[in-house]
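The structure appears below as structure tokens.
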């Protein structure tokens, strides 16, 4: 749990550092491409030639979920954190906004006929009150850049849809195999969009700072491989009520690291809005029973983010 708390909570700051001198979407594409290659090689070596075999339907489902989770979900977060000062969203704020994912999934469940408990709806309402507080102008200036905040909310919505669909479509049975194809699909789409934005033409490796390269390596290894492996192990060896606490511990880690290491501002309004969001997520996580429709996932990357 400490690995998941710290490493996942720190990825938002690592993204912020990586995009200082790396093209945002290209850096995300590199992260998932390399991570998928490493995971594929490990699976091939440990399980033999057929380790990654799936049928066309499973491949299409994994690709769809990967695009929603990684290309749109993670890609939009990267864009939101890569803007100029006054436009970019601080890493801690991004983590707080992404924490609305379990709240959005509850709304998707309700829209498709599921009936979450009353306390779950209370948690959703509380979480969105915190979201309003977080982006509400205060003291003559916005608490956070509105456009950047909306971009992160769109990322959270895409992640929620991907998480929701992954439990309702035919995915590869092995979560690690599913994760390989999700990361490949996400990396391909991110690379295409990056090329369309001119990021490939403007990319000069010599101009990238050492700290940005190190942050990217950290994201590949710590965020996409180590923390994921730890989380999958936890899902099979620890109570889901304990494992799900990452949803409201990660934002606290992200806010603390952003304030301590890169002097990101933490105003009273940010603390209040963040605390209300975390309380709402905590209420949803502790109210939901394991195994309810939409609260879990059968795929690798999805199980990581959506098992509340």
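The values are calculated or read from the model by the stated rules, or taken from the named source; none is laboratory data. Quick caveat, the model's predicted, so the values are computed rather than measured. Neighbour counts run over all protein chains shown; Cβ positions are idealised from the backbone, glycine included.
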Discussion item. Give me the residue from the range 236-291 that is outside any helix (DSSP H, G or I) and more than 22 Å from residue 106 (Cβ to Cβ) and, out of that set, modelled with the lowest pLDDT.
Written reply: 238
Fill in: Residue satisfying condition, being surrounded by fewer than 19 Cβ atoms within 10 Å (Cβ to Cβ) and either out of contact with any strand residue (DSSP E or B) (no Cβ under 6 Å at 6 or more places or on another chain) or within 14 Å of residue 183 (Cβ to Cβ) (or both), within set 38, 17
38
Worksheet entry | Within the range 37-129, helices (runs of 4 or more DSSP H) holding 2 or more residues that are at pLDDT 80 or above and on the phi > 0 side of the Ramachandran plot | none
Worksheet, complete the sentence: Flagged in the range 130-150 as crowded, with 22+ Cβ neighbours inside 10 Å and modelled with pLDDT of 85 or more, in numbering order, are 148
Worksheet item: For the range 184-194, does any single residue satisfy the condition of being over 18 Å from residue 73 (Cβ atoms) and either surrounded by fewer than 17 Cβ atoms within 10 Å (Cβ to Cβ) or in contact (Cβ under 8 Å) with a residue 60 or more places away in the chain (or both)?
Response: no
Discussion item. Tally up the residues in the range 42-60 that are under 26 Å from the mean Cα position of the chain (by Cα) and surrounded by 15 or more Cβ atoms within 10 Å (Cβ to Cβ), please.
Written reply: 7
